[in-house]
Amino acid sequence: MNNNLRQISINGVDDKLYYKKIDNGMEVFMIPNKNILNIYATFTTKYGSVVDEFVPIKESKMIKVPKGIAHFLEHKVFEQENRQQPFEFYSKSGTDCNAHTSLTNTTYEFFGPNNFQENLEYLLDFVQNPYLTEKNVEKEKGIIEQEIKMYLDDPFWTMYDGIRNNTFINNPTKYPIGGTVESIYKINKNILDKCYKTFYHPSNMFVVLTGNFDPEEAITIIEVNQSKKNFNKMRDIRIKEYKEPDEVVKKEEVVTRNIDMPKLSFGIKINTKKINIDSEYKLNIYISLIFNILFGVSSVFFEKMNNRKYLSMPVGIDKIRGGSHLLITLICETNYPSKLVNEIRKVIENISISSEDLEIYKRSLISGYIRSFDDITSLNDAIVDNVINYNKYNTNTIDIIRNLNINELNNVISSLDLSNTSVYTVVPPNFKEHA
Amino acid sequence: MEYFKKEFNAYNIHVIKTDRFKTVTIELNFLRKIKKEEITIRNFLSEILLQSSKKYNTKRLLSLKSKELYEANIQSSTTRIGAYTNMSFSLQFLNEEYTQEGMQEETLDFFFDTIFNPNVNNGEFDNHSFEVTKEVITTEIKSMKDNMTKYSLIKMLEKMDPNCPFSYNGFGYFEDLDKITNKTLYEYYQDMIKSDKVDIFVVGDVDVEKITQSIIDKVKVNTLKKEFKDIRLEHNKIRSRSRKIVEEEKINQSKLNIGCLLKDFSLDELNYTLKIYNEILGGGTESKLFLNVREKNSLCYYIRSNINSYDNLMFIYAGINKEDFDKSVKLIKREMNNMKKGKFTLEDIEVAKKAMEVSVRTITDSPSRIINVYYSKELTDGDDIDEKLKKIEKVSYDDIVRVANKIKIDTIYLMCGADKNEQ
């Protein structure tokens, strides 16, 4: 066994987690699955669009950067000097390669059954040694402009951006992940370099592997590769912290778009620091559970709204973390936006959940959790999500689910302040709600 | 992985036994020739059957029951396969090793009971479920514009040939929705069970004999099925010169689509040679279109080409600024011409083959992809995994140049953004 590679059992399934923090500070999480052929590898920096002001490495003052820079950098990390470009390299073995930027992280990945060692080494190499020039930075602007415009025509994306902008006051969670067409044209090589050097240090990054590979072989590949590279000693990264009030920016906004079906996002901004519970992970499970029981397809609410024709499609329920606050969004397609909003308010003003409901939903959670081990993509995503939000992968999730109980649930409900809400509605031109 | 097929006159059962998954997947398919005026009623039917059943007569009760069965969520979809339309019901549930003994039988009961014992009284679907479903279908039709890429493709296909099923709008049509009644819907349901081709698939670590018998006991389809044939769409008239169509729509990004009708290609050309051609031209991030239109000229974020062999159709699609329309079209045409002239390398072919080979070899990673292979074998006498791999390997440089020269552009379509960008 490799030195200090820990093998940890995962309750409820036969799968095992392998974990190691290597010398340069990089963490590695692995869950192998020999039943399938593919391998999914992700390499993530804990750096996303919410980093708006920070102290660059080797400097002492905070700088403010143009919106959308983390995503811009993601595009540019693919540029390499004196060797094959990533897409070219991976295509030779029939491997898919991609990357994505979210509010909290930037993740680079490959997916495929071939050439594991070379693919893994190359993932580390290309992300850790990009080649930025004034010219290739300029060239990217037209491409990213088109990416931003593509999202502008998507009403669901419009709501995702709109509701964050109208609920968060100071936290940069409020800004679009990709920035705006205007802000990306302000980005240059110098500022990209500063972001890269600060946030792509191994101690700010982690690897997650799922699928058909041998964990001991994998950790050896990673350690040998990293031992050949020199990194500066890293002190803690200083990122501006924001005091976020509980209130929202705007209680409602209606925008017009070229669509036929009106939609709305009902946002509830919750200060989770005010809730008394022993684990944040468990709290998040409870909060998801509460909103699914209240607004999901099996809810009394959905049945009523169906009967009144206020709703026909299921409500989309989402959680967005922004510092001290959690934003719950309820995404609805409706011809009766204001009537529906009144009904949603009635439900959250008087929450009651029975223990029978809780038990039935626990079965659904257990099922979803066990099934995720068959799907190396969603399993990998779940690990990344765990590490970003809780700094570890929870191997006892199944026990947490089994031990959810009505007393604790009621405790959470009674300490939830659901009074800070905002509604973002997207309607077709000349829309009028029927009486 | 072992494959078992049981043929009855009224339906077939296909069981793929494998211990790769923690779940069991079951899929029930109804297939018939597509008619434009039946699209909406078929969508309606596939939705209403999941709104309620005789036993669980509201959506809430039905979905609570599926949660009780450890999230035994039934999904339905209707998709067009060439000249045919397929209604599919599927369910994936945890192998009972992870839940409780008896769960498999109970879940199968729930699945088949939902489809074969609908909420019908006196020859009519339950009125409440009917009304709710009507709202669902209305919303679906109205949401067509939510995805402009898809919407602009439908618009182009309608221009190319409004009578060809590839241009039928799968969301449905309001004029047909208004004609559907509780009674005609139930008649359509009965007709579907009586005359559609029915195939049932199971993938998972199951006892083959036991599950087959269990399905036979629960499936209430017993009429003899007619032969079915000619699943592919054929095009008789091919335009010798392409035409340009520009339409305006209030959007931020203009959508450029190029459509080509394919004629006189053999089955292997459609399934292998053209797929490799497509991979080189516009398949992924190493394709000619991606490298030249996006990377070299920064004109777009996405650009892809696609072959639909059931439709004998190829199309290219990209999101651009409308000022770049002529330049983009010129670049795309240049790349298509280069393919005709054989301006691509043996290495390009190897990369394309590798991508296809990996995609075929890893079919066994996913229950739904496994089902797709066996279903397409059932429908078109398609190849199994080993045959596919052999045929991919055999495609040559000359084969690709030959198919490239048989491809003709039919329509160049631009859905053009309004003058002022940024709404």
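Listed values, structure above:
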| read-out | value |
| --- | --- |
| Output for the stretch A:274-303, where each listed residue is over 14 Å from A:Asn394 (Cβ atoms), of a type in the set (Val, Ile, Thr) and more than 13 Å from chain B (Cβ to nearest Cβ) | A:Ile275, A:Ile277, A:Ile287, A:Ile290 |
| Qualifying strands (runs of 3 or more DSSP E) (wholly inside the stretch A:175-273; at least 2 residues being touching a helix residue (DSSP H, G or I) at 6+ places or on another chain (Cβ under 9 Å) and surrounded by fewer than 16 Cβ atoms within 10 Å (Cβ to Cβ)) | A:252-256 |
| Candidate set from the stretch B:37-75 (those that are away from every other protein chain (no Cβ under 14 Å) and touching a Ser or Thr at 6+ places or on another chain (Cβ under 6 Å)); member that is nearest to B:Met192 (Cα to Cα) | B:Arg42 |
| Index of the failed condition, A:Glu74 passing every other in (1) touching a strand residue (DSSP E or B) at 6+ places or on another chain (Cβ under 8 Å); (2) away from every other protein chain (no Cβ under 14 Å) | (2) |
| Filtered residues of the stretch B:101-159 (kept if part of a loop (DSSP other than H, G, I, E, B), of a type in the set (D, E, K, R) and in contact (Cβ under 8 Å) with a residue 60 or more places away in the chain) | B:Asp126 |
| Enumerated strands (runs of 3 or more DSSP E) restricted to the stretch B:178-278, each holding at least 1 residues that are buried (at least 18 other Cβ atoms within 10 Å of the Cβ) | B:197-204, B:254-261 |
| Test for B:Leu91: is it closer than 21 Å to A:Ser298 by Cα, out of contact with any strand residue (DSSP E or B) (no Cβ under 7 Å at 6 or more places or on another chain) and either within 14 Å of chain A (Cβ to nearest Cβ) or at pLDDT below 95 (or both) | no |
| Subset of the stretch A:102-124 [surrounded by 17 or more Cβ atoms within 10 Å (Cβ to Cβ) and more than 14 Å from every other protein chain (Cβ to nearest Cβ)] | A:Ser102, A:Leu103, A:Thr104, A:Asn105, A:Thr106, A:Thr107, A:Leu120, A:Tyr122, A:Leu123, A:Leu124 |
| Residue in the stretch A:171-178 that is modelled with pLDDT of 95 or more and more than 17 Å from the chain's Cα centre (by Cα) present | no |
| Set B:Ser376, B:Ser368, B:Ser328: member being part of a helix (DSSP H, G or I), at pLDDT below 95, touching a strand residue (DSSP E or B) at 6+ places or on another chain (Cβ under 9 Å) and of a type in the set (Gly, Ala, Ser) | B:Ser376 |
| Lone unmet requirement of (1) at pLDDT 95 or above; (2) among the basic types (Lys, Arg); (3) more than 24 Å from A:Tyr196 (Cα to Cα) for A:Lys141 | (3) |
| Subset tally (residues that are of a type in the set (D, E, K, R), surrounded by 17 or more Cβ atoms within 10 Å (Cβ to Cβ), over 29 Å from B:Asn257 (Cβ atoms) and more than 8 Å from chain A (Cβ to nearest Cβ)) for the stretch B:329-376 | 0 |
| Considering residues of the stretch B:379-392 that are surrounded by fewer than 19 Cβ atoms within 10 Å (Cβ to Cβ) and outside any helix (DSSP H, G or I) only, the residue modelled with the lowest pLDDT | B:Asp381 |
| Enumeration of residues in the stretch B:215-240 that are farther than 11 Å from B:Leu261 by Cα and charged (D, E, K, R) | B:Asp217, B:Lys218, B:Lys220, B:Lys225, B:Lys226, B:Glu227, B:Lys229, B:Asp230, B:Arg232 |
| Complete set of residues in the stretch A:131-153 that are more than 9 Å from chain B (Cβ to nearest Cβ) and among the hydrophobic types (A, V, I, L, M, F, W, C) | A:Leu132, A:Val137 |
| Residue match in the stretch A:211-231 (condition: more than 30 Å from A:Arg6 (Cα to Cα) and among the basic types (Lys, Arg)) | no |
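The values are calculated or read from the model by the stated rules, or taken from the named source; none is laboratory data. The model shown is predicted, which means the values in this text are computed figures rather than measured ones. Note that each Cβ is placed from the backbone with ideal geometry, even for glycine, and that neighbours are counted across all protein chains shown.
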